[in-house]
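Written out below as structure tokens is the structure these notes cover.
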Amino acid sequence: MLIWYRFALLLALTNFARASVVSNVLDALEQAVTCASCHALLGVLKPVTLLGDTIFSNALIAICQTLNAEDDDVCKGVIQQQGPIVAHSLRHISASGQTATKFCNALVGLCDAPAVNAYTVPFPKVVPSTPKVFTSTGKAPFRVVHFSDVHIDRSYTPGSEANCTKPICCRKFADQTGAVSVSAGPIGSHGCDTTGALSQSMLKTVSAQNTLFSIFTGDVVEASVWLVNQTGVTADLKQFNEEMAAYVNSPVYPVIGHEAAPINSFPRNTTSTSTTAQWVFDTQSQGWSQWIGTASASQVQHISGSYSSVVSGTDLRIISLNTVYWYKDNFWLYDSDKVQPDPNGILAFAVEQLQAAEDAGQRVWIIAHMPPSSADAFHDQSNYFNQIVQRYQNTIAAQFYGHSHVDEFAIAYSNYSNQIDTTANNVAYIAPSLTPRNANPAFRIYDVDPDTYEIMDSRTFISDMSDASFQTAPVWKLEYSARDLYGAAIGGWSATQSLTAAFWHKVTEAFSSNDALFQQFISLKTRGFDVTACTGECKTKVICNLRALRAENSCNVATPGFNFARRENIAGGSIHRGHRDHCEGTGLGSIFNTVTSKDFVDSETLRERLETTYAALQATEETA
Ligand SMILES: *[C@@H]1O[C@H](CO)[C@@H](O)[C@H](O)[C@H]1NC(C)=O
Ligand SMILES: *[C@@H]1O[C@H](CO)[C@@H](O)[C@H](O)[C@H]1NC(C)=O
Ligand SMILES: *[C@@H]1O[C@H](CO)[C@@H](O)[C@H](O)[C@H]1NC(C)=O
Ligand SMILES: *[C@@H]1O[C@H](CO)[C@@H](O)[C@H](O)[C@H]1NC(C)=O
């Protein structure tokens, strides 16, 4: 091993003697236009990682800065934080293997996701021959509030620039010295994360709703991913736990989101590293124990942030899963060529708890941050999770997620090759965000049948930021009721029937045939903010994705075509590929994506600037 390492190092040094490291990396990035050339890119990056984390990161920072992929401070902060994790992973994998393909899918957008690795999730018992029937006796529903993606920016500064070039604005950034063009409002502004005032307004409104409990599907921390550190994140998590406790007068069932430092840095237990996310689990275990109980709080600590808790006075078990172990931008997940079906045992925990619920005749709600339907979810784990959903479909009443920031849903089917109302058998409610970054702030209220724990209605409330009152006292008003809006659109839905998966499937059919309804859904996604019509391929893809709780059935594909276009246009054309925008803010993934799709004009001047920037970064390193 050591000999191989030395040999590789020697080889790397010899190769890089000819041209500078950073120039070689730029060449490889420039040539990365297909899945195959992305593998070649990794073949170039791998030897650079053997020269050390600093050289690897500095090369990427210099490229990011020279190509203006992000502001200089963002390039530097993000890559200094996440670069070493990527370097660690690249050192441990083959540049041509399947993990590399996954990396090229997630970070560079040049490979399609590889086919799912066959794995049969083990179940302790077969489906009971006579599954318990959950019947409504027509009792009045109880209320549950669902809020998500609060992303509170404790450094938000009213009056600062709200139209900036960084992933989030409305802060006093050192490099912003000119006159303010758009002034950050006292309560909030688009392009920025949530103010403390907006968050408190939402929590106080929630508190007045007479709820049995609330669910919070994660993401507390603001999207300043280039600045995060453990001290800051811990303080943010604690403060929001305290605020929920102070303002919400019934229990809150939360989940783990992206909040680690670096962001998404949740290593698998198979990785040998001193980095750990245990402090996140410890902080949340302590903060949540008041609502979920001490036994469940202990699970948070020992099951990598997941827990299971029966809501007091009910037969409803809430299973909260840390799905960041299935998330493409958790760069620790690329550090082995060995396929790991169940990182940190999250799937096994879900099975164990679902079996306990089935044995006890309880109903289950699954809650988590990233939905397994997401374009950001690995197809493998989404497939395995879907097997669990199918096995326990009688027990799981519904699922609840956040992450996308938009108001949407995803349907599971007993047969994905035959997607009709009678094969639709589970539904994921994906809640809109509180953060107004790219939408109007929102939360949900569900009316829940107390016998079946099924959803009778889902009502979304928003605060419209274009209202004059918003900047003084935000008003929360009903945006729509799913039963009223969609029930009518599918030709009526019996008042005694819950909003089943069949209901939601019929809604997607109505979207196909009734374009006005579909465009209304598109508008509701961002709560009326920055709406553009979605037609043709866009519409087909959106409807396809709503029917894909199992992500391999979604219609997201890599887009190498755009990169070919870039290659042909490098002499001066201008073709942009969509920026891959993330819930938690711009990370290394978005930077790779931007760099490989940027239509820069390669020139001697550019190369000189690149070399100078890189040399300066290296020099700082040596004097530090
Ligand atoms: C924000 O800044 C961009 C780039 O400078 C500019 O094109 C845009 O018009 C500005 N938006 C507003 C609302 O001022
Ligand atoms: C950590 O982040 C906080 C803000 O969240 C900041 O005040 C502090 O200076 C940072 N610490 C370090 C060592 O960078
Ligand atoms: C990692 O976690 C899984 C699931 O809890 C467990 O089965 C496995 O033994 C752990 N592996 C190590 C190396 O700790
Ligand atoms: C799933 O649906 C397809 C298409 O209708 C059908 O050919 C197939 O037999 C179905 N599979 C099962 C297991 O029912």
Just give me the residues in region 193-211 being within 16 Å of ligand 2 (Cβ to nearest atom), closer than 22 Å to D530 by Cα and not charged (D, E, K, R), in sequence order.
-> T194, T195
Which number in (1) crowded, with 17+ Cβ neighbours inside 10 Å; (2) within 16 Å of ligand 3 (Cβ to nearest atom); (3) not basic (K, R) marks the one condition that P124 misses?
-> (1)
Filtered residues of region 163-188 (kept if under 25 Å from the mean Cα position of the chain (by Cα) and either within 23 Å of I591 (Cβ to Cβ) or not in a loop (DSSP other than H, G, I, E, B) (or both)) = N163, C164, T165, K166, P167, I168, C169, C170, R171
Any idea which of S136, S96 is in contact with a Gly (Cβ under 8 Å, 6 or more places away or on another chain), among the polar types (S, T, N, Q) and farther than 21 Å from A375 by Cα?
-> S96
Got at least one residue in region 416-424 being within 27 Å of K139 (Cβ to Cβ) and either assigned by TED's automatic domain parsing to the domain that holds R363 or not in a loop (DSSP other than H, G, I, E, B) (or both)?
-> yes
Please find, among Q381, Q353, Q390, the residue that is buried (at least 24 other Cβ atoms within 10 Å of the Cβ), assigned to a helix (DSSP H, G or I) and more than 20 Å from the chain's Cα centre (by Cα).
-> Q353
Yes/no for T275 being surrounded by fewer than 23 Cβ atoms within 10 Å (Cβ to Cβ) and within 16 Å of ligand 3 (Cβ to nearest atom) = yes
Among helices (runs of 4 or more DSSP H) entirely inside region 543-624, those with 3 or more residues being at pLDDT 95 or above and out of contact with any strand residue (DSSP E or B) (no Cβ under 8 Å at 6 or more places or on another chain) are 604-623
Take region 189-212 and flag every residue that is surrounded by fewer than 22 Cβ atoms within 10 Å (Cβ to Cβ), part of a loop (DSSP other than H, G, I, E, B) and among the small types (G, A, S).
-> G191, A208
Mind counting the residues in region 160-178 that are within 16 Å of ligand 2 (Cβ to nearest atom), surrounded by 15 or more Cβ atoms within 10 Å (Cβ to Cβ) and among the hydrophobic types (A, V, I, L, M, F, W, C)?
-> 3
Extreme residue, farthest from the chain's Cα centre (by Cα), among residues of region 428-481 that are charged (D, E, K, R) and part of a loop (DSSP other than H, G, I, E, B) = D451
Does Q381 qualify as being within 16 Å of ligand 3 (Cβ to nearest atom), under 17 Å from S554 (Cα atoms), out of contact with any Gly (no Cβ under 8 Å at 6 or more places or on another chain) and among the polar types (S, T, N, Q)?
-> yes
What residue, among those in region 49-59 that are within 12 Å of Q618 (Cα to Cα) and hydrophobic (A, V, I, L, M, F, W, C), is surrounded by the fewest Cβ atoms within 10 Å (Cβ to Cβ)?
-> I55
Condition met for L110 (crowded, with 20+ Cβ neighbours inside 10 Å, at negative phi and not in a helix (DSSP H, G or I)) = yes
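The values are calculated or read from the model by the stated rules, or taken from the named source; none is laboratory data. Keep in mind the model is a prediction, meaning the values are calculated, not measured. Backbone-built Cβ (ideal geometry, glycine too); neighbour counts: all protein chains shown.
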